[in-house]
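To start, the structure under review is shown below, and the notes come after it.
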Amino acid sequence: ASATQTITVEDTTAPEFTSIPADYTSECSDDLILDDATASDNCGEVTIEVSSETIAGDAAGNYTVVRTFTATDDAGNSTSATQTITVQDTTAPEFIFVPSDDVVECTEEWPEEMATASDNCGVVTIEVSADTTFTECGLIAIERTFTATDDANNATQVVQILTQVDTQGPTFTDLVDNVTLSCSESLSQIPIPTAIDLCSEITNLSWTDVEFSGGCTLPTSAFIRTYTAEDACNNVSQTEQ
C-alpha cells in the first residue's frame, strides 16, 4: 500500500529592519547625510529600495525630507520604514560690503553707497533706515542702519555714521574794492559788503580801519578797511576794501 504527504513551504513573513537611519535636523547649508537602512529576512535575500519626498516649508531654507525604505524579500513580502530629515535656515545673512563711516563737507552731496550681503540658503533683502541728529551749529549727523534679511526672517544689522562738517568760512558779495569820497561826504556812504555762508548763519560782520597817508594835507586822507565775517560754526573770513 502507498500513501503520500504533501508539505507546502511558503514564505509569508516580511523582512525585518535591522537598522534605520535616525531622524535629525540639519542646517540648510550643510550636506545631508543619507545613510542606508539594513534589513534581514527569515528565508532569503532582501532588496531595499529608497524613495524621497521633499515637503516645502515657510521659507526657501526650511523644508522636510521624508525618506521611505521598503525592504522586499524574494517572495514579495515587504515592510517599510521612514526617516524624517528637518532642514532649517537659522543662519543670518553676512555683509560682504559695508560703506565706511565718512565726514562730509556741508556743501557736498551725501554718499549713497549701499551695503551688500549674502546668505547661506537664499536671497537677501537689504533695507536702509536713517536717523538724523543736529549739531550745535546746525549741521547734520546721519546714522544709516542696513538690515539684511533672508527668506526665513533671519536678520543682521550694521551701521554707518555720516558726519557733516563746515570748514569753509563765509564769502563776501557786493564788495567794492576801492571807494573814493569827497571830503564833504560821510564815511557812512561807504558800501558795506554782504557776507553769506552756505551752511550756517552769519553770527558776526565787523570791520576795522587802518589809516595811512594819501598824499594830502588832511590828517587822514586814506585808510584800509578790513571786514571780518564769522559763521555759526566759528569759521572766519576776511577781505579788504
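The values are calculated or read from the model by the stated rules, or taken from the named source; none is laboratory data. It should be emphasised that the depicted structure is a prediction, and the values quoted were computed from it without experimental measurement. Ideal geometry is used to build each Cβ from the backbone, glycine not excepted, and the neighbour counts take in all protein chains shown. The accessibility values were calculated without ligands, DNA or RNA, using every heavy atom of the protein model including side chains. Shrake-Rupley method; radii C 1.70, N 1.55, O 1.52, S 1.80 Å.
Quick notes on this one:
- Subset of the stretch 161-187 that is open to solvent by 60 Å² or more (accessible area, probe 1.4 Å) and among the hydroxyl-bearing types (Ser, Thr, Tyr) - its residue that is nearest to Thr125 (Cα to Cα): Thr167
- The number of residues in the stretch 15-72 being within 34 Å of the chain's Cα centre (by Cα) and in contact (Cβ under 8 Å) with a residue 40 or more places away in the chain comes to 12.
- Filtered residue count, the stretch 188-206, keeping only those that are exposed (fewer than 15 other Cβ atoms within 10 Å of the Cβ), out of contact with any Leu (no Cβ under 9 Å at 6 or more places or on another chain) and not β-branched (Val, Ile, Thr): 5
- Summed over the stretch 7-46, residues that are in contact with an Asp or Glu (Cβ under 8 Å, 6 or more places away or on another chain) and not small (Gly, Ala, Ser) total 12.
- Positions within the stretch 102-116 being in a loop (DSSP other than H, G, I, E, B), touching a residue at least 12 places away in the same chain (Cβ under 8 Å) and more than 30 Å from Ala152 (Cα to Cα), in sequence order: Cys106, Thr107, Trp110, Pro111
- Conditions (1) exposed (fewer than 14 other Cβ atoms within 10 Å of the Cβ); (2) part of a strand (DSSP E or B); (3) of a type in the set (D, E, K, R); number of the one not met by Arg144: (1)
- One residue stands out in the stretch 73-84 among those that are over 43 Å from the mean Cα position of the chain (by Cα) and in contact (Cβ under 8 Å) with a residue 12 or more places away in the chain: the one that is most open to solvent (accessible area, probe 1.4 Å), namely Asp74.
- Some residue of the stretch 149-160 being surrounded by 14 or more Cβ atoms within 10 Å (Cβ to Cβ) and among the acidic types (Asp, Glu): yes
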